[in-house]
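First the structure, in the form of structure tokens, and then the observations on it.
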Amino acid sequence: MRKSIVSRFSSAINILIMSSIAFLGVFFMFFAGKYLRTDRMNTLNSCVVNAQQAYIESLRTDDLSTDEKRDKLRENLRLISNTTSTKLLLADENGKCLVCTEDSCAHEGMFVPESVILMLSSTDKSVSIDDSFANMYDTAYYTVGRAIRNARGDITGFVFSYSDDTRTSDFIKVLVMIFLTCAVIMLMISSIVSVFVTNRMTTTLQSVTNAAKKFTQGDFSARADMGGDDEIAQLAYTFNQMAAFVEKNEKSRSSFVANIAHELRTPMTSIKGFVDGILDGTIPPESETKYLKVVSEEVGRLARLTNSMLDVSKLESGEYQMNARNYNVWDTIATVAFAFESRIERGEIDIKGFEPTKVMVYADKDLVHQIVYNIMDNALKFTPRGGYIGFEIIPDKPSGFVTVKIRNSGKGISAEALPYIFDRFYKEDTSRSVHVKGAGIGLFIVKTLVQRSGGTVTVESQENEYTEFIFTLPSAVSQKTVILPAINSVENSLKSNKKKKSGKKNKKSE
């Protein structure tokens, strides 16, 4: 059975807390017991010193009888005992107990073990006595003893201070109970907090899991709930970004299938209809040439669509090898403009800003040709008769890029469509004529080629006024501005054709 993250995390936290509490408890009890015992031994040692002084003072008193001296001494020793919560015992030089501060004491008259006498006789300091008094006490005691010496250094007696171990043990037991109670409370609180925190974290993870399950079932609109700003929230955010990308690609795929089906079905239906008409005699022999030309145009359309698809496939797979070099970008623009000369004349389109100068870029000449060709082809499709197409090239040495602008008049592109204009197979029917043929791949290829060349591409449009495509290319190391005769001849050719067209229009008007 799989364990949830909540149970695993809670178990790990509880084990960690219990281990920490156990370690802290052992550590705390050890040092607490050691401190209490040390403090008690210091107190006993102080009592021994005070009792020794009281005994010496009693020996100096000559006006009291022996019994009176003993009673007086017992009274002084009991005062010391009561103030320190200890017991005192006084023995003579032979180890016989003379005075004891306990109530109903049975120690008087008993003899201190000989081993203790020998231990105390060998030193002038207080000595801690462990189990040597076991025959004198019924319970465990802390005991400190000291030999009493006169001025000549002779031993005149022994004094002992002792205290039972029950008070220290009881105090430690109380500490243990308090510590365990606090530990249990802490463990309960930590368990509740860990479960709450883990549940809060796993809620986002569960949301991601549920969204992923919906994805596997084909629901690409599923999104994970995001909360907070931690790593898990970042995971949910990243997942949602991925989901949006997948949904967009899925829509693009569906649109691709629909567009391809439409783009293939229309010319193939035309081709089949015309060929069948020729074969069954519906189309008379004298009209066969006319309809075979239509068939040829449709086949060319299919070939262009296939080539575009192959270009997209090569670009996306990275099969195309870049061949970048320094060259004049106006060469490409002039070549493309000359290639579209017949279409420009048929549409009576005016060319603006065609003032070729030497502007060097570092790029693949074939790729740039395809970029300009696709933009020009798109511009010619949507420029109305009598409109214009304008060119502008801006070298920018500080940025290291050359900006190319191609503008055409016309209906423009709506603001809603601008963000999607470079998407694959995207078409905006509201701004494009339904009679214009295309698969919506050209601008996607433009964006891909510009990015492969190291530049950027954008589009600006004002509805019913203009559309302008702007792309950048890396500039060459050095740039010179000179008029090129070859390009100038192309410009003159375009201008002369424009003049001819104007002349024809004037004759017709006459």
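A few comments on the model shown:
- Simple spin-label estimate for Phe220 and Leu118 gives 10.0 nm between the two label positions (7 Å along the Cα-to-Cβ direction from each Cα).
- Rg of the Cα atoms in the stretch 326-418, relative to 2.2 N^0.38 Å, amounts to 1.13.
- For the stretch 332-392, GluC sites (Glu not before Pro) meeting the loop criterion (DSSP other than H, G, I, E, B) and having at most 16 other Cβ atoms within 10 Å: Glu348.
- Selected from Tyr373, Thr403, Gly387, residue furthest toward positive end of dipole (the stretch 358-411; charges at beta carbon): Gly387
- Taking packing as the residue-averaged number of other Cβ atoms within 10 angstrom, the listed peptides 399-407, 322-330, 84-92 run from highest to lowest as 84-92, 399-407, 322-330.
- Using alpha carbons only, the radius of gyration of the stretch 199-246 set against its Kirkwood radius gives Rg/Rh = 0.96.
- In this simple spin-label model, placing a label point 7 Å from the Cα along the Cα-to-Cβ direction at both Ala233 and Glu250 gives a separation of 2.7 nm.
- When the residues Ile278, Ile394, Ile192 are ordered by accessible surface, computed with a 1.4 Å probe over the protein chains alone, the sequence from largest down reads Ile192, Ile394, Ile278.
- Overall form of the stretch 383-425 per C-alpha gyration tensor (a/c, 1.5; a/b vs b/c): oblate
The values are calculated or read from the model by the stated rules, or taken from the named source; none is laboratory data. Remember, predicted model here, so these are calculated numbers, not experimental data. Please note: Cβ atoms are built from the backbone with ideal geometry, for glycine as well, and neighbour counts cover all protein chains shown. These accessible areas exclude ligands, DNA and RNA; they are computed on the full protein's heavy atoms, side chains included. Shrake-Rupley method; radii C 1.70, N 1.55, O 1.52, S 1.80 Å.
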